[in-house]
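The values are calculated or read from the model by the stated rules, or taken from the named source; none is laboratory data. As the structure is a computational prediction, the values presented were derived from the model and not from experiment. When we count neighbours, we look across all protein chains shown, and the Cβ atoms used for this are built from the backbone with ideal geometry, even at glycine. The accessibility values were calculated without ligands, DNA or RNA, using every heavy atom of the protein model including side chains. Shrake-Rupley method; radii C 1.70, N 1.55, O 1.52, S 1.80 Å.
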Amino acid sequence: MVVFGGKCMFEEINDIYSLFYTVIAAVDAEISLLVLGLGLLYCIVGIVSLKATGAQVSYHRELAELRAEVQRLSERVLVVEREARATALEPSAQEAKVEEAPVVAAHPAPVAEVAVQTEQAAPSAQTLEIPEPAPVADKVPSPPAEVSTIAKGMAKSRTSFLGKIKSLFTGRKSVDIASLDDLEEMLITSDVGARVADALVNSVRERASQHHEVTEDDLRVLLKDGIRKELIPLASDHRMYHPVGHPLVVLVVGVNGVGKTTTVAKLATRYQAQGKKVLAIAADTFRAAAVQQLKEWGNRTGFAVYSGAENAKPAAVVFDGMVAAQEQGVDVVLIDTAGRLHTKSNLMQELEGVRNSIRRHVADAPHETILVVDGVSGQNALSQAREFNSSTPLSGLVVTKLDGTPKGGIIVAISQELKIPVFYVGVGEKAQDLLPFSVDEFVDGLLSEEAERAASVTPRSVASGGPEATTAL
């Protein structure tokens, strides 16, 4: 009867009557009426039951279809939003600025409304285009108006250091055991760090204990050798000087005001001049001036800048920027992060989100994580380096404003404690004033009187008729 009732749901009325007629013909009239009554009852029950079941199945089917449609539209919205953000990129100074496409709201909205927004946003989105750099052979670099050297940039540090050394020899021809405390105090106040100062004093003590005189010249030689041992030399073909890999991803971190954005721009300019295809990602979304500053550098020197919406999450900007970098076959990706106090743990933890966004595209990236410190800040730069290194492993340093401080010894303190190299030092505002760090040049620039005399000689000016490489912020 259940089967009979179920069949009533799917057969035409004529077929139902035919079934009833078959039953009546098969038995006598009295039983037939009973069978007919029961059949009608089961038929009604079957129809109600199957209709209810069918309605439930239909509901779940329609719900599943609706969820699939919402998922499809959500994916479409993400695609459109990524394409809209791409319009924020400014490939070069010659190309016209493209107005950013409207960003689809992140708040929940009815399916029909989302669909309308998607259709409106899609036509204005454009694919990121990063200009190919001209071959190096085709570039005609202009000679700088003034040659920048580490020795020249360390004039203040050298004058301070040599002055303190000379003061040790006031009234004496050599350093003895009794004057070692004065030597140690001099080294500590020169910001080389307590550990380095102790090691240097021990080397002088060892020589003095052997009944050898330690003259001013001897002391400079001992200090040069000792400081040179504390620094990590790099090969001239290191990837931070000549990028290799595809792409090389460099994450730049540091506190506010140390020159991160300017350092990113100078690195991009350097690599662009080597014929590399460079993309700078402006992930300092908390400071609108930083994004504009980086774009201005990009306009001047020709490298591309990717920026997200104002106040966007840095990790989201980096994620989309990495998509653009891979799509366009970029050689070098430089990521400028928001300045943060090294004492704010929640902001420091945000760097991990940025690193995760990078790794979703390049598993072993970032290949270099460099900390930018202000040479003027002295021992505070060492505290910053400690905190940043505990939150995100650092691979190297860039020390800026070295030309404006007598505290250049901090380079030794940071490098010795963290066991990381110094990649570059900044000795001016121009693009060419970001110099590859050389251990020998640094040591001579800090302790050599010859360097003092050489730095006082003004280099020959560039002959008239050629443009000067004086790109500055």
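Within the stretch 301-398, the trypsin sites (Lys or Arg not before Pro) that combine a DSSP coil assignment with at most 14 other C-beta atoms in a 10 angstrom radius are Lys344, Arg360.
In what sequence, largest accessible area first, do Thr301, Thr369, Thr189 appear using a 1.4 Å probe? Numbers along the way, then the final one.
On the way: Thr301 35, Thr369 5, Thr189 75 Å².
Result of the area sort, largest leading: Thr189, Thr301, Thr369.
Per residue, the accessible area of the stretch 147-188 comes to 49 Å² when a 1.4 Å probe rolls over the protein heavy atoms.
Counted by Cβ distance under 15 Å from Asp181, the other residues give a net charge of -2, where Lys and Arg count +1 and Asp and Glu count -1.
When the inverse distances between all different Cα atoms of the stretch 281-337 are averaged and flipped, the Kirkwood radius reads 11.4 angstrom. Computed with a 1.4 Å probe over protein heavy atoms only, the accessible surface of the stretch 325-452 comes to 34 Å² per residue.
Here the calculated FRET efficiency for Arg207 and Asp440, from their Cβ-Cβ distance with R0 = 25 Å, stands at 0.65, rounded to the nearest 0.05. Placing dummy labels 7 Å off each Cα toward the beta-carbon, the span from Asp198 to Ser236 is 3.8 nm.
Measuring only protein heavy atoms, the 1.4 Å probe finds Lys224 accessible over about 40 Å². Split the accessible area of the stretch 378-444 by element, probe 1.4 Å, and carbon with sulfur accounts for 45%.
For the stretch 200-260, a Kirkwood hydrodynamic radius built from all Cα pairs, placed in the Stokes-Einstein relation at 20 °C and 1.002 mPa s, yields a translational diffusion coefficient of 137 µm²/s. The fraction of accessible area contributed by carbon and sulfur in the stretch 187-230 is 46 percent, rounded to a whole number (1.4 Å probe; ligands and nucleic acids excluded).
The local environment of Glu213, defined by Cβ-Cβ distances under 15 Å, has a net charge of 0 under the rule Lys, Arg +1 and Asp, Glu -1. Annotation: Ser203 carries an accessible surface of approximately 40 Å², with a 1.4 Å probe and no ligand, DNA or RNA atoms counted. For the pair the stretch 202-263 and the stretch 264-322, the centres of their Cα atoms are 29 angstrom apart. Over 27 Å apart at the Cα level, from the set Lys152/Lys266; Lys173/Lys224; Lys156/Lys277; Lys266/Lys313, are Lys156/Lys277. Heavy-atom accessible area for Ile150, with the other protein chains in place and a 1.4 Å probe, reaches approximately 0 Å².
Taking every pair of distinct Cα atoms and averaging 1/r, then inverting, what Kirkwood hydrodynamic radius in Å comes out for the stretch 369-431?
Evaluated over the stretch 369-431, this radius sits at 11.5 Å.
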